[in-house]
1. When the dipole is taken about the Cα centre of segment 171-288, and only Lys, Arg (+1) and Asp, Glu (-1) are charged at their Cβ, what size is it in debye, to the nearest 20?
2. Angle check, please: helix 211-224 long axis (alpha carbons) against the longest principal axis of the chain (alpha carbons), in degrees 0 to 90, nearest 10.
3. What is the distance, in nm, between label points placed 7 Å from the Cα along the Cα-to-Cβ direction at Val199 and at Ile12?
4. How far, in nm, would the chain grow between Thr114 and Arg265 when pulled straight, counting 0.36 nm per residue and subtracting the alpha carbon separation?
5. What spacing in nm lies between the two simple spin-label points modelled at Asp89 and Lys221, each 7 Å away from Cα in the Cβ direction?
6. In nm, to one decimal, how far is the Lys105 label point from the Glu75 one, both placed 7 Å along Cα→Cβ?
7. If a paramagnetic tag sat 7 Å from the Cα of Lys246 along the Cα-Cβ line, which residues of segment 186-208 would have the backbone N under 13 Å from that point?
8. Can you list the residues, at least 5 places off or on another chain, whose amide H is less than 5 Å from the amide H of Lys179, using H built in the peptide plane?
Amino acid sequence: MAKAAKKSQPRIVKTVKALREVLADWRKRKADIALVPTMGALHAGHVSLVALAKKSAKKVVVSIFVNPTQFGPNEDFSRYPRTIEADLDKLADAGADLVFMPDAKEIYPDGFATMLKPAGPAAVGLDDKFRPGHFEGVATVVAKLFTSVMPDIAIFGDKDYQQLQVIRTMARDLHLPVKVVGAPIIREKDGLALSSRNVYLSPPERAAAPVLHQVLKESAKAIAGGGDPEAVLSRGRAKIMSAGFKLDYLEARDAATLAKPDPQRKAKLRLLVAAKIGKTRLIDNIAV
Ligand code: PAF
């Protein structure tokens, strides 16, 4: 049998200096650039971001960096899945041009002293309340990626919806000339949103996990149909907890600011949920 042709591996760079040399060459050739920031452990959701990046720009840079500053002291930084060989194969198949894979010292050298402190959608009592310091770490590392790559467009999953709004706000506030785009959540057949953390789930936890999406879907439909949001969400909260989750929040928020919706204004709503099953914390969201 003929061997399938092996896709060419994307170029890998580990330093900002090497990254900028490649980018300068591309820019000389008038190529526009899309960036897909990741922490590796890539799945079909990430691959869909790279596919969108390829449609949006001539050259695609993917970063892989498990960013220590966005993990709290009791979170999963040390056990976060690291699957670099498999990631590089997926990126080769997806057609990424360059992978930026810095080590921690490249991003946070000795003497590093400048962290961003985002507010607005980073201070609304959702993940910011349960993961103190998380969005400082995210905003700081993404700002560093933006100023290192200076992409024309950057693509993030809608799954981390609060993160997406924090990054949009940060890029706007710092006048970073990048278009921040959210891409649709990719789900398993039973509705569970793809996440690098799904590998932590035991079989019974995995079986219970789709309840998050079921509740989001049912609640969005009921609210869109005129149901009282608080009553709808309170039923949803009970259903999630009776499936064995410890609920952090299930909330309806203004889709742009993530503030509590003002009943006088007809703003678009987003439902967001975060809950823990066993040791694994899952998040999900849906538009109303
Ligand atoms: O969503 C992620 O994978 C991370 O939070 C990001 C945006 C790559 C920053 O480390």
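1. In debye, rounded to 20, segment 171-288 gives about 120.
2. 70 degrees
3. Those two pseudo-labels are separated by 1.6 nm.
4. Between Thr114 and Arg265, full extension yields 50.6 nm more.
5. Placing both labels 7 Å along Cα→Cβ, they lie 3.9 nm apart.
6. 2.5 nm
7. none
8. The list, which skips near neighbours in sequence, is Ile153, Ala154.
Where a number appears in this text, it was derived from the coordinates with a stated rule and is not lab data. As the structure is a prediction and not an experimental result, all values here were calculated from the model. In this analysis, Cβ positions are derived from the backbone assuming ideal geometry, glycine residues included, and neighbour counts consider all displayed protein chains.
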